[in-house]
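Here's the structure we're looking at; comments come further down.
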Amino acid sequence: MGFCKDFIWGTASASYQIEGAAYEDGKGRSVWDDFCLQPGKIKDGCNGDVTCDHYHHYKEDVQYIKKLGVKAYRFSVSWPRVIPNGIGKVNQKGIDFYNALIDELLANGIEPYITLFHWDYPSTLMEKGGWSNQDSPKWFEYYAEVVARAFGDRVKNFITFNEPQAFVGAGLAEELHAPGYALPSSITVKIAHNVLISHGLAVKVLRREVPGCKIGYAPCSDAAIPYTDSPEDIEAAKERFFDMGKEEKTWATSCSWWSDPVILGKYPENILKRIGKYLPEDYEKDMEIICQPIDYYCQNIYKGFLYKKGENGPEQVPFPAGFPHTAIGWSNVPETLYWGPKFLYERYNLPIIITENGVSCRDVVSLDGKVHDSARIDYLHRYLLQLKKANDEGVDVRGYMVWTLMDNFEWQEGFTERFGLLYVNYQTLERIPKDSYYWYKEVVETNGELL
Ligand code: BGC
């Protein structure tokens, strides 16, 4: 069967990870600017001040996207670049940058997909309590309105949030991401509720300001993969996929807590039983705002774990010794892109776009000046075959975006992990297309027939 004829092949990036120009042209501080200043937070002590300097190299980067042949480029807008204090005055120079990028993309036949929020939260708002402030959904609504009005004449595809699991879980509870807090679930569950309201308000604003636009929402998940093909193991994996772990704090990494309210209009019963006590008393009244119709269910998905039916519910099966893992230490299980989309489609029944999938490898520039990243090609090939299988079996997969266009600032890992199709030399800012860039180009050209 193969992928549909207008399948959205793309690649993705995020503002803080690639833009640089952290203190230029009136941009306000973000929590990531602040977090990187704290000693010991980033593995190599680096920050996103310059990173790929995409802010000044965007024209060159658009040419790389064009030559890659993809139809779609997903990037995020930096909230404090366009509204330095998060609310109030708009920074025209920030708007100008994204206008120039969008125009360049369109002039080169590439469809822009804007992610409103990929984690670089305005510091000024964090100082007011951030997402725990009851006004925070209104702040996000205003930001969404500014973006919609500035770019909505040309941009028709929007994604509200990237991985709320990460900025709430890793950022506000686990101390791993900015702002680096260790808040208890009694607070973060309320915060998450505000994030969900913010999503709903943003969808309403986008629909009002950009009639006909397409809207997605991009949480992430680790796939739960049945250990065998027996119906019992498949059921066990599905049950685990939409549940949380044993420890209370694992609710934040769950898939269903973040997606059921948005798509089904209610929190999942199994998790509600455990953490519902932390929700605001009258939380149900907000479900109407949270549950706005969206066009795509987007998903960032990289790794999976094996589950079988156990005595007391789903039981994780440990990987055998020597099981493949990627450079960053994530399990390399291609079936992730089969079972993940399959379970998600069954539950949410919305067209799926894989908005991120990719791999970090120990890439080096070889003596011939090229980057021979055969491990990345192998990973992408295997994962895409599984996605194709899901698609062939009826899962409505509409698109796939490789994470990521170019090596970049990998959050708490600094520059120690490389996920890009383009190798970036951070001293010279030279970009070198890796072997995987040329391989993916052929996949795109053949609409996946090459696989
Ligand atoms: C994030 C990206 C990140 C990638 C690899 C995703 O969780 O959205 O920003 O670089 O994973 O870690």
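Considering only residues that are polar (S, T, N, Q) and under 19 Å from the mean Cα position of the chain (by Cα), look in the stretch 355-408 and name the one that is surrounded by the most Cβ atoms within 10 Å (Cβ to Cβ).
For the stretch 355-408, the residue satisfying everything is THR355.
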>> Scan the stretch 164-176 and tell me whether some residue there is within 30 Å of ILE42 (Cα to Cα), free of Cβ contacts under 8 Å to residues at least 12 places away in the same chain and aromatic (Phe, Trp, Tyr).
In response: no
>> Looking only at the stretch 306-358, how many residues end up being among the aromatic types (Phe, Trp, Tyr) and touching a residue at least 40 places away in the same chain (Cβ under 8 Å)?
In response: 6
>> Between ARG74, ARG81, which is buried (at least 23 other Cβ atoms within 10 Å of the Cβ), closer than 30 Å to ALA390 by Cα and of a type outside the set (A, V, I, L, M)?
In response: ARG74
>> When you check TYR345 against the structure, is it assigned to a strand (DSSP E or B) and aromatic (Phe, Trp, Tyr), yes or no?
In response: no
> Are there any pairs with C-beta distances below 9 angstrom linking a residue in the stretch 40-52 that is farther than 18 Å from ALA14 by Cα to a residue that is aliphatic (A, V, I, L, M), with the two at least 6 apart or on different chains, and if so which?
Replying inline: LYS41/LEU176; LYS41/ALA178
> Considering the stretch 152-180 alone, what residues qualify as being assigned to a helix (DSSP H, G or I) and over 29 Å from LYS71 (Cβ atoms)?
Replying inline: VAL168, GLY169, ALA170, GLY171, LEU172, ALA173
> Considering only helices (runs of 4 or more DSSP H) fully contained in the stretch 204-317, which possess at least 1 residues that are within 16 Å of the ligand (Cβ to nearest atom) and buried (at least 23 other Cβ atoms within 10 Å of the Cβ)?
Replying inline: 256-259
>> With the requirement that a residue be within 8 Å of the ligand (Cβ to nearest atom) and touching a Phe, Trp or Tyr at 6+ places or on another chain (Cβ under 7 Å), what does the stretch 411-423 give you?
In response: PHE419
> From the set of residues in the stretch 424-449 that are away from the ligand (no atom under 16 Å from the Cβ) and of a type in the set (Phe, Trp, Tyr), which is surrounded by the fewest Cβ atoms within 10 Å (Cβ to Cβ)?
Replying inline: TYR438
> Which one of these does MET406 not meet: (1) within 13 Å of the ligand (Cβ to nearest atom); (2) under 20 Å from ILE353 (Cβ atoms); (3) in contact with a helix residue (DSSP H, G or I) (Cβ under 9 Å, 6 or more places away or on another chain); (4) aliphatic (A, V, I, L, M)?
Replying inline: (2)
> Within the stretch 182-192, restricting attention to residues that are part of a helix (DSSP H, G or I) and in contact with a helix residue (DSSP H, G or I) (Cβ under 6 Å, 6 or more places away or on another chain), which residue is nearest to ILE263 (Cα to Cα)?
Replying inline: ALA192
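For (1) surrounded by fewer than 21 Cβ atoms within 10 Å (Cβ to Cβ); (2) of a type in the set (Val, Ile, Thr), each residue gets a yes or a no:
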{"residue": "LYS128", "(1), (2)": "yes, no"}
{"residue": "SER132", "(1), (2)": "yes, no"}
{"residue": "TYR142", "(1), (2)": "yes, no"}
{"residue": "ARG149", "(1), (2)": "yes, no"}
{"residue": "PHE158", "(1), (2)": "no, no"}
{"residue": "ASN162", "(1), (2)": "no, no"}
{"residue": "GLN165", "(1), (2)": "no, no"}
{"residue": "VAL168", "(1), (2)": "no, yes"}
{"residue": "GLY171", "(1), (2)": "no, no"}
> What's the number of the condition ILE352 fails, among (1) surrounded by 24 or more Cβ atoms within 10 Å (Cβ to Cβ); (2) under 23 Å from ASP61 (Cα atoms)?
Replying inline: (2)
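Taken together, the values in this text are just the output of simple stated rules run on the coordinates, not laboratory data. These numbers were taken from a predicted model, which means no experiment stands behind them. Cβ sites come from the backbone with ideal geometry, for glycine too, and all protein chains shown count toward neighbours.
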